[in-house]
Amino acid sequence: MDTMLLFTRFWLLLAAIGGAILPVALGNEPSRKRAVMQVVCGAMLAIFLAPALEERFLPDSPAQVHAGVSFLIGCFGLRVTMIVQRLIDARGDSLANRVMARGPSRISEY
């Protein structure tokens, strides 16, 4: 395997983990288990989501930009996920009803 590719992947992994650790370090977590789970989930979110976003929106960017994206996703990804989940919980039924009401007419156009 190419050593530069290996270094880049390691760099992105460190950025993802560092981003996930930052909110835990700044917050007041009551339990160690919850803090570890936040770090693991934030890092996993960054590891799996960042490459997709980078490939779609930043395909020709250097590794430093990719690491920055991984860091930011690791840092803020869980909070954004919780906000989106709350919005879906609050408005999901009405949104689903609107989509279902429009669905068949749009499908028949294609």
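The values are calculated or read from the model by the stated rules, or taken from the named source; none is laboratory data. Source: prediction; values computed, not measured. Heavy atoms of the whole protein, side chains included, go into the accessibility calculation; ligands, DNA and RNA do not. Shrake-Rupley method; radii C 1.70, N 1.55, O 1.52, S 1.80 Å.
Restricting the search to segment 23-43, which residues are in a helix (DSSP H, G or I), open to solvent by 100 Å² or more (accessible area, probe 1.4 Å) and not basic (Lys, Arg)? Spell out how you get there, then give the answer.
Our first condition is that a residue be in a helix (DSSP H, G or I); within segment 23-43, this holds for 23-26, 32-43.
Now drop any that are not open to solvent by 100 Å² or more (accessible area, probe 1.4 Å), which leaves 26, 32-34, 37.
26, 37 - these are the residues of segment 23-43 that are in a helix (DSSP H, G or I), open to solvent by 100 Å² or more (accessible area, probe 1.4 Å) and not basic (Lys, Arg).
Output the residue which, of all residues in segment 63-91 that are under 19 Å from residue 5 (Cα atoms) and open to solvent by less than 70 Å² (accessible area, probe 1.4 Å), is modelled with the lowest pLDDT. Break it down stepwise before answering.
Of all residues in segment 63-91, those under 19 Å from residue 5 (Cα atoms) come to 63-71.
Then drop every residue that is not open to solvent by less than 70 Å² (accessible area, probe 1.4 Å), which leaves 63, 65-70.
Numbers: 63: 83, 65: 89, 66: 88, 67: 89, 68: 91, 69: 92, 70: 91.
Checking each candidate, the answer is 63.
Residue 93 - would you say it is over 16 Å from the mean Cα position of the chain (by Cα) and part of a helix (DSSP H, G or I)? Full working, then the answer.
Values: over 16 Å from the mean Cα position of the chain (by Cα): yes; part of a helix (DSSP H, G or I): yes.
Against the criterion (over 16 Å from the mean Cα position of the chain (by Cα) and part of a helix (DSSP H, G or I)), residue 93 qualifies.
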